[in-house]
1. Scan (1) open to solvent by less than 10 Å² (accessible area, probe 1.4 Å); (2) more than 16 Å from the ligand (Cβ to nearest atom) for the single condition Trp27 breaks and write down its number.
2. Can you pull out every residue in the stretch 42-51 that is closer than 23 Å to Gly387 by Cα and surrounded by 21 or more Cβ atoms within 10 Å (Cβ to Cβ)?
3. Tell me which residues, restricted to the stretch 163-176, are surrounded by fewer than 16 Cβ atoms within 10 Å (Cβ to Cβ) and either touching a helix residue (DSSP H, G or I) at 6+ places or on another chain (Cβ under 9 Å) or among the β-branched types (Val, Ile, Thr) (or both).
4. Please go through (1) closer than 21 Å to Gly64 by Cα; (2) crowded, with 24+ Cβ neighbours inside 10 Å; (3) not hydrophobic (A, V, I, L, M, F, W, C) for Lys398 and return the number of the only condition it doesn't satisfy.
5. Only one residue in Thr348, Thr343 is in a helix (DSSP H, G or I) and either surrounded by 19 or more Cβ atoms within 10 Å (Cβ to Cβ) or modelled with pLDDT under 95 (or both). Which one?
6. Where in the stretch 85-188 are there helices (runs of 4 or more DSSP H), lying fully within it, with 3 or more residues that are polar (S, T, N, Q)?
7. Would you check if there is a residue in the stretch 28-46 being part of a helix (DSSP H, G or I), among the β-branched types (Val, Ile, Thr) and under 24 Å from Ile423 (Cβ atoms)?
8. From the list Ser377, Ser316, Ser355, which one is open to solvent by 10 Å² or more (accessible area, probe 1.4 Å) and hydroxyl-bearing (Ser, Thr, Tyr)?
Amino acid sequence: MKRDNFSGTFGVLVALAGSAIGLGNLWRFPYLVGTNGGAAFILIYLLFVFVLCLPILISEFLVGRRSQSNAVRAFTTLAPKSKWGIVGVLGVLGAIAILSFYSVVGGWTLNYAVKAISMDLLHTSEQVTDTFNSMVTSPFEPVIYMFLFLLFTAGVIIGGIKNGIERFSKIMMPILFVMIVMIAVRSVTLPGAGAGIEFLFKPDFSKVTFETLLVALGQAFFSLSIGCGAVLTYASYVKKSENIVKTSALTAFSDAIFAMIAGLAVMPAVFAFGVSPTEGPGLVFIILPEIFEQLPAGGFIAILFFFILLIAAVTSSISLMEVIVTYIIEEFRLSRKIAILVTLFIATILGTLCSLSQGVLSQIRIFGLNIFDFFDSLSANVLMTLGGLLLVLFVGWKLKKEDFMDEISNSGTLNHKILYGAIYFLIRYIAPIVILTIMIFGLI
Ligand code: PHE
């Protein structure tokens, strides 16, 4: 069977950036910055992204492109008769876990986009809190929206790689950048925005703990979509002529820039209106509508914002669903349509559980967390970091160095020996040591 592929450099880049840029940047990043002390957290985060996570992104890209197979078979192809396939299995499980709670938040976003369009969002502060709480705890509304969000995602990937994922990302990603810049400009020009900008850029390292490092690392993994087979799966559809290092670096760069712009879109407004940045996961769903309410043309800005959030979420959820779908197509020899139906079925059941755990099922606790929070922290803090660790161990210690050099240099056509040597060193020694240290201390 001939495999589909991305048509060229721009297509690969927007798809990867689309996967990376998502709710992680617009919803998770601002509230983590808010609850973890601002600028110091951001600096640590950026350091992790470029020194640690970029080499992991490159490793994952390399494994995917070299093997041209799904997340599990990639490892068994490159290391036959070994146990490394388990890394891929972890990846597929991670993708399922993330997709489950991600589509719940995607559903909230869709719900808010609809509310914004029907002018049903902007109220006084107590009403806004009530709107959010009663929406997420209801046994029906968020489940239905979660399902619609999954259908939307499936609707994109049914078209395959080139005509589905690539085409959608090519249209949506540029629009996304323009729109978020518009919101950021509005936010930083509000009277009193200065305190928010200071919060984002003036570091105070006195509050940094190992916990902060673990959270920053988890966020870097989550935001770059690494450690759960998403980059690997996309890369398996990338042609041998693309430049792995350049595309990976541009992906990490766009993701970091987008996170910074998202921070500028949210924090200055939060400070300008004198609300606390430590609101947590409800930050963009509770605080922002409250702020939009008080802005001239706030109704329009609300539509714009929740539309941005929705597109960003879909360009990410398609990459999660594709991990599972590619795996099912290749391992069980099923058609894309059937594979998508199977994935929809699994994601709907788990997503429903995540959604209900905000309300009627909230008494069910796993390690003290409700199902939603359990899936969230299991994936970002355990599965993805563990997946990333095993991945660099695989590339640094199991794959032959000649194979690494051959793939990264497109069989010798690209000549950057020193750069490739440095990347190999980061992958082989620095990344595993740092990740292990942070995981151990963070967990203690
Ligand atoms: N990176 C995405 C975001 O920031 C989430 C994601 C994680 C997507 C893992 C794919 C794989 O929202």
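The values are calculated or read from the model by the stated rules, or taken from the named source; none is laboratory data. Treat the numbers as computed from the prediction; the structure is a model and nothing was measured. Note that each Cβ is placed from the backbone with ideal geometry, even for glycine, and that neighbours are counted across all protein chains shown. Just the protein is used for accessible areas: all its heavy atoms, side chains included, with ligands, DNA and RNA removed. Shrake-Rupley method; radii C 1.70, N 1.55, O 1.52, S 1.80 Å.
1. For Trp27, the failing item is (2).
2. Result: Ile44, Tyr45, Phe48, Val49.
3. Initial filter on the stretch 163-176 (surrounded by fewer than 16 Cβ atoms within 10 Å (Cβ to Cβ)): 163, 171, 174-175.
If the condition is that a residue be surrounded by fewer than 16 Cβ atoms within 10 Å (Cβ to Cβ) and either touching a helix residue (DSSP H, G or I) at 6+ places or on another chain (Cβ under 9 Å) or among the β-branched types (Val, Ile, Thr) (or both), then Ile171, Pro174, Ile175 are the ones that fit.
4. (2)
5. On the way: Thr348 fails: either surrounded by 19 or more Cβ atoms within 10 Å (Cβ to Cβ) or modelled with pLDDT under 95 (or both).
One residue alone meets the criteria, Thr343.
6. So the answer is 85-117, 125-137.
7. Residues of the stretch 28-46 that are part of a helix (DSSP H, G or I), as a first pass: 28-35, 39-46.
The next check asks that each one be among the β-branched types (Val, Ile, Thr); those that pass are 33, 35, 42, 44.
The next check asks that each one be under 24 Å from Ile423 (Cβ atoms); those that pass are 44.
Yes: one or more hits.
8. Within the list Ser377, Ser316, Ser355, the selection yields Ser377.
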